[in-house]
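Structure first, commentary second.
The values are calculated or read from the model by the stated rules, or taken from the named source; none is laboratory data. Owing to the predicted nature of the structure, the values given are computational and were not obtained by experimental measurement. Please note: Cβ atoms are built from the backbone with ideal geometry, for glycine as well, and neighbour counts cover all protein chains shown. For the accessible areas, the whole protein counts, side chains as well, though only heavy atoms, and no ligand, DNA or RNA atoms are used. Shrake-Rupley method; radii C 1.70, N 1.55, O 1.52, S 1.80 Å.
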Amino acid sequence: MSIQFALNHITAPHLTCRRLIDLAAELGCVGVELRNDLIEKKLSHRPFFDGEDPAAIGAYARERDVRLLGLSEVYGFNAWSPEMADKVRSLIARAERSGAESISLIPRNDAPAYSSNERAVHLRTSLAAILPMVAEAGIRALIEPLGFITSSLRYKREALEAIEAVGGEKYFRLVHDTFHHHLAAEREFFPEYTGIVHVSGMSEQQLTAEEMRDEHRKLIDEEDQLANLAQMQNLMAQGYAGAFSYEAFSPAVHASADPARELSHSFAYLLSALR
């Protein structure tokens with residue numbers, strides 16, 4: 001079975017962009033996702049693109065035959081304002097300069113006191129404003145619902161309805177995150193609208209969905225509690241043929257002295273189990 005693996009920078013935040021690209025090439029990954037929030041999360045002291053010209057990083061990725069699948073992220077995009085518009089334009093500009101294929105849009109996760117109708121209005125207002133920006137740039141924006149109960153956008157169905165409402169089917173896609181899919185207890189899959197799949201493992205059997213946090217997200221192995229295998233099988237059976245990008249937030253993963261070996265073992269486990 002052929003599976004396209006990729007690496008989100010959060011999985012190895014101590015690596016420079018170039019070294020992450022090298023790791024992806026070494027492991028046979030199709031691409032990487034770079035992030036602008038590693039300093040904010042106190043996982044790196046380096047600025048976005050390590051302070052290099054995004055065009056130089058993009059050129060290096062192409063030299064290594066590694067795609068820049070996306071740039072993360074614009075957080076709170078569904079609370080629209082002039083400042084939010086500037087953040088979207090800035091990320092789009094870096095995507096254009098580097099040759100990245102998409103930008104990532106993350107909803108507010110602060111339990112805003114909005115009704116479901118108000119949330120829908122805010123979401124559609126934001127997407128209507130972002131649509132001409134990504135259309136002009138010719139890139140896609142990936143919307144990632146967060147399954148936390150505090151999230152202002154938990155379900156992919158709600159995101160898809162907003163995409164269709166603004167006529168954005170050509171430029172907006174969904175992120176299927178196996179962790180957030182599990183937290184939200186979602187049952188629906190939308191492979192035709194899925195731009196990328198984020199995968200991570202969870203081994204703590206005693207945790208309820210409400211207790212699960214990003215720091216619990218590890219590499220996938222035999223002890224996985226998130227049904228990654230079933231989710232991946234379902235997506236592929238329904239026609240998804242894109243990348244499965246490892247997005248592990250666990251400090252234990254970040255502290256690995258040999259991420260190549262551990263990632264390789266996780267890849268091998270999934271490939272064997274999915275056969």
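Remarks
This table checks each residue for (1) over 18 Å from residue 242 (Cβ atoms); (2) within 20 Å of the chain's Cα centre (by Cα); (3) loosely packed, with under 15 Cβ neighbours inside 10 Å.
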| residue | (1), (2), (3) |
| --- | --- |
| 116 | yes, no, yes |
| 120 | yes, no, no |
| 142 | no, yes, no |
| 153 | yes, yes, no |
| 170 | no, yes, yes |
| 195 | no, yes, no |
| 199 | no, yes, no |
| 202 | yes, yes, no |
| 205 | yes, no, yes |
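- Within the range 266-275, being free of Cβ contacts under 8 Å to residues at least 60 places away in the same chain and surrounded by 13 or more Cβ atoms within 10 Å (Cβ to Cβ) holds for 269, 273.
- Of all residues in the range 120-156, those being in a helix (DSSP H, G or I), over 17 Å from residue 92 (Cα atoms), of a type outside the set (Gly, Ala, Ser) and in contact (Cβ under 8 Å) with a residue 24 or more places away in the chain number 5.
- Residues of the range 208-236 that turn out to be among the aliphatic types (A, V, I, L, M), closer than 17 Å to residue 184 by Cα and out of contact with any helix residue (DSSP H, G or I) (no Cβ under 7 Å at 6 or more places or on another chain), as a count: 1
- Looking only at residues in the range 89-113 that are surrounded by fewer than 21 Cβ atoms within 10 Å (Cβ to Cβ) and more than 18 Å from residue 50 (Cα to Cα), the one that is nearest to the chain's Cα centre (by Cα) is 101.
- For the residues 210, 188, 262, the requirement of being open to solvent by 60 Å² or more (accessible area, probe 1.4 Å) and within 27 Å of residue 20 (Cβ to Cβ) singles out 262.
- Any hit, the range 47-57, residues being under 18 Å from the mean Cα position of the chain (by Cα), more than 16 Å from residue 19 (Cβ to Cβ) and either open to solvent by less than 60 Å² (accessible area, probe 1.4 Å) or not small (Gly, Ala, Ser) (or both): no
- Candidates 248, 237, 230 - the one that is small (Gly, Ala, Ser) and open to solvent by less than 10 Å² (accessible area, probe 1.4 Å): 248
- The conditions of being under 17 Å from the mean Cα position of the chain (by Cα), free of Cβ contacts under 8 Å to residues at least 40 places away in the same chain, buried (at least 21 other Cβ atoms within 10 Å of the Cβ) and within 20 Å of residue 198 (Cα to Cα) are met by residue 68.
- For residue 39: the one exception among (1) among the aliphatic types (A, V, I, L, M); (2) in contact (Cβ under 8 Å) with a residue 60 or more places away in the chain; (3) open to solvent by 40 Å² or more (accessible area, probe 1.4 Å): (2)
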